[in-house]
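Derivation of every value follows stated rules applied to the coordinates shown; laboratory data play no part. Not measured: the values here are computed from a predicted model. Counting neighbours? That spans all protein chains shown, and the Cβs are built from the backbone with ideal geometry, glycine included.
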Amino acid sequence: MAYTMSSAIEQFNRMAEVKVNDEEVNTILASAYPEPRLPRNLRHLVSGGNSLMMGLTEEVRTAQLEEHPDYAKYLNTLEGVNDLKDNVLKSYDSFNQAYSRKNLDNTAWAVYNSICEVEDHGRRTRGNGMPSIIGERVNVKARSFKKACELIA
């Protein structure tokens, strides 16, 4: 969905008016920071549908999964995603406390603002500040904006 400047401003104004509940906050976070998929070469150890794995007990499959070096990388990535979500929730809580008098607390805008805060200022950058205006960080902010707009529509 393409936004013109005026429609984007309208969306931001609407986001500042609409209160969101915890489930909606988590929906926006899940859109901004989706959980990584288990690597393809490990999926057969999780799903019991593979005929080669049918004879193995779940304990054996779990042990093989946990011993695989790609599984450790996957868990590290998953931990990073969960850390980002936690940082956003901390920023969201701080925002809600600071802006409760202005009636901006617990709004879709507060969630989006918290995501932008973490992406623009809370993550380490290498070199100049370009990562906050190009690349994956922009995609994170775009996904959260889009999901927030969907929820308040």
Taking a straight Cα-to-Cα line shorter than 17 Å from LYS19, and setting aside same-chain lysines fewer than 8 residues away, one finds LYS102, LYS146, LYS147
Expected sort for 137-149, 102-114, 67-79, 28-40 on mean C-beta neighbours within 10 Å, highest first, is 102-114, 137-149, 28-40, 67-79
What nm value, rounded to one decimal, do you get for the distance between GLU136 and ARG43 when each label is placed 7 Å out toward the C-beta? 2.0 nm
Gained length - ASP22 relative to THR57, 0.36 nm times residue gap less alpha-carbon distance: 8.8 nm
Report the gain in length on full extension from ASP120 to GLU79: 0.36 nm times residue separation, minus Cα-Cα distance, nm rounded to one decimal. 12.8 nm
